[in-house]
Amino acid sequence: MAKNLLKNPSGEELLEFWELTENGGSQWKVEEMPGDCGSDSGLDGVTKYFATSFELCLKRQVIELLAEDFSSEQLDAQPPITVEDWYCGRSDCGCTYQMTVTLLDENQEVIEEFKPDPGDP
């Protein structure tokens, strides 16, 4: 299945579909590109991006794979899952970006977790 399962991945629908789990400083917001990011995404249809403040801000989205047309048999076969994300640091201040992808079972228990090294591009 070659489609992005994240709903509202770039903020085109503001914060719809995202659970804000940490909302420090001036908090989560959505800005128009290029804005303080300083550049366009280069992706067709992407005109907005998520922005946060100088304090810790976290957002979360749970994707129900069975509800996304995966069958139990497909999931039992452990299909490869590709995760892609686009982010941009603001031009007016420093930032740290982190992403964690967690595969959960039906009881929300962690099966596997992917957390790239913050130094990786």
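The values are calculated or read from the model by the stated rules, or taken from the named source; none is laboratory data. Since the structure is predicted, the reported quantities are computational estimates derived from the model, not experimental observations. Cβ: placed from backbone, ideal geometry, glycine included. Neighbour counts: every protein chain shown.
Quick one: in segment 99-119, of everything that is touching an Asp or Glu at 6+ places or on another chain (Cβ under 8 Å) and under 21 Å from Asp85 (Cα atoms), which residue is modelled with the lowest pLDDT? For segment 99-119, the residue satisfying everything is Met99.
Condition (residue is within 18 Å of the chain's Cα centre (by Cα), free of Cβ contacts under 8 Å to residues at least 12 places away in the same chain and farther than 27 Å from Gly25 by Cβ) applied to segment 91-109: is it met by at least one residue? No, that holds for no residue.
Go through segment 6-24 and count every residue that is farther than 17 Å from Gly45 by Cβ and part of a loop (DSSP other than H, G, I, E, B).
So the answer is 3.
Here's a check for you: in segment 16-28, which residue that is surrounded by fewer than 15 Cβ atoms within 10 Å (Cβ to Cβ) and modelled with pLDDT of 85 or more is nearest to Thr96 (Cα to Cα)? Explain how you work it out, then say what you get.
Within segment 16-28, the first condition is being surrounded by fewer than 15 Cβ atoms within 10 Å (Cβ to Cβ), and the residues that meet it are 16-17, 19-22, 24-27.
From what is left, the residues that are modelled with pLDDT of 85 or more are 16-17, 19-22.
Values: Glu16: 23, Phe17: 23, Glu19: 20, Leu20: 17, Thr21: 17, Glu22: 15 Å.
The selected residue is Glu22.
Residues that are surrounded by 14 or more Cβ atoms within 10 Å (Cβ to Cβ) and either assigned to a loop (DSSP other than H, G, I, E, B) or modelled with pLDDT of 80 or more (or both) within segment 30-44 comprise Val30, Glu31, Met33, Pro34, Ser41, listed in sequence order.
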